[in-house]
1. Answer with one residue from Thr51, Leu132, Gly64: the one whose Cα lies farthest towards the positive end of the charge dipole of the chain, charges on Cβ with Lys, Arg +1 and Asp, Glu -1.
2. Once you put a point 7 Å from the Cα of Ser225 and another 7 Å from the Cα of Lys38, both along the Cβ direction, what distance in nm separates them?
3. Translational D (Stokes-Einstein, µm²/s) of segment 22-91 at 4 °C and 1.567 mPa s when Rh comes from the Kirkwood sum over C-alpha pairs?
4. Whole-Hz ³J(HN,Hα) for each residue in segment 32-39, computed from phi via Karplus 6.51 cos²θ - 1.76 cosθ + 1.60 with θ = phi - 60°, x for glycine and proline: what do you get?
5. Let me spell out the model: positive unit charges on the Cβ of Lys and Arg, negative unit charges on the Cβ of Asp and Glu, origin at the Cα centre of segment 45-146. What dipole size does that give, in debye rounded to 20?
6. For segment 72-127, what does the alpha-carbon gyration tensor say about shape, rounded, prolate or oblate, given a ≥ b ≥ c as the root eigenvalues, a/c under 1.5 as rounded, and a/b over b/c as prolate?
7. For segment 44-52, just list the computed ³J(HN,Hα) in residue order, Karplus coefficients 6.51, -1.76 and 1.60, θ = phi - 60°, integers in Hz, with x standing in for Gly and Pro.
8. Give me Rg/Rg_expected for segment 27-181, where Rg uses Cα atoms only and Rg_expected = 2.2 N^0.38 Å with N residues.
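Computed from the coordinates by the stated procedures, all read-outs in this text should not be read as laboratory data. This structure is a prediction, so every number in the text was calculated from the model and none was measured. Quick reminder, even Gly has a Cβ in these numbers, built from the backbone with ideal geometry, and neighbours come from all protein chains shown.
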Amino acid sequence: MDTPTRVVFLFDIDGTILLAGPLAEESYRDAFFAVLGKPYSIRTVDCAGRTDPWIVREVLLRHGHVREADTAEIREAIFAHFLAGMRKRLQQGMRARLIDGVAESLGWLERQPMVSLGLLTGNLESGARIKLEAARVYTDFLAGAYGSDHHDRNMLGPLALARFEQFHACQIHPRQFWIVGDSVHDILCARAAGFRVLAVASGNTPRDVLAQEAPDILEDGLSISVFERILAHCSVAGTSIAGGWE
Ligand SMILES: [Mg+2]
């Protein structure tokens, strides 16, 4: 029973690992223009913690495109233009900004035994890859769940769990998973799946708003020391993974 407990960290991308800024915003603006003839901004909706399918549908509804909002072909056309726009901007040298502390934390985590790294993000899977490349993040995320899997973020936790169980060819208890994210929806998504959650106030959501949702840990940003604390606790907790954090 002394087998070390595996810990899986599932990272959100926007506001947690990086800030995509114009790379994403300009690409969406051009995509809406290409498909609907209007340069809509995704800033007209609150994107924090939302999936790309949710964001696009809300932007369409916000501007009166009720029929288009529920037309799969329209949404797919917008995504195709969006991804092409991001690829083009990346090739032209546009970059995403890596958030302080992320590179060191990911580098350190990659060297830890019994730690697995993954993604749980509202981004389309292809969009996630482009943004990470734009921030020069080359971490080996083993598996993940994406906005392209489901428009409702709360559905993504069980998907990620199943993919990690398949990857490692063993059962993994939900309490061995940590979501790392910057929005209220990351916290709610973790709760929906029975995961733990490390919330970081490095995105658009203020620290006090995150605190109201009572994440297991709340930090201003990522650092090696916070992950050291988590792993030290997990090794002490050993098999009592169903217990509380503190
Ligand atoms: Mg985020």
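1. Gly64
2. Roughly 4.9 nm, to one decimal.
3. Details: Rh = 11.8 Å.
Value of D from the Cα-based Kirkwood radius: 110 µm²/s.
4. Once θ is set to phi - 60°, the couplings for segment 32-39 become 4, 5, 5, 8, 10, x, 10, x Hz.
5. Details: 14 positive and 13 negative charges, 71 e Å.
Roughly 340 debye, rounded to the nearest 20.
6. Working: a/c = 3.71, a/b = 1.80, b/c = 2.06.
Judged from the Cα gyration tensor, segment 72-127 comes out oblate (a/c at least 1.5, b/c at or above a/b).
7. 6, 10, 7, 7, 4, x, 8, 7, 4
8. On the way: Rg = 17.1 Å, N = 155, 2.2 N^0.38 = 15.0 Å.
Relative to the 2.2 N^0.38 Å estimate, segment 27-181 comes out at 1.14.
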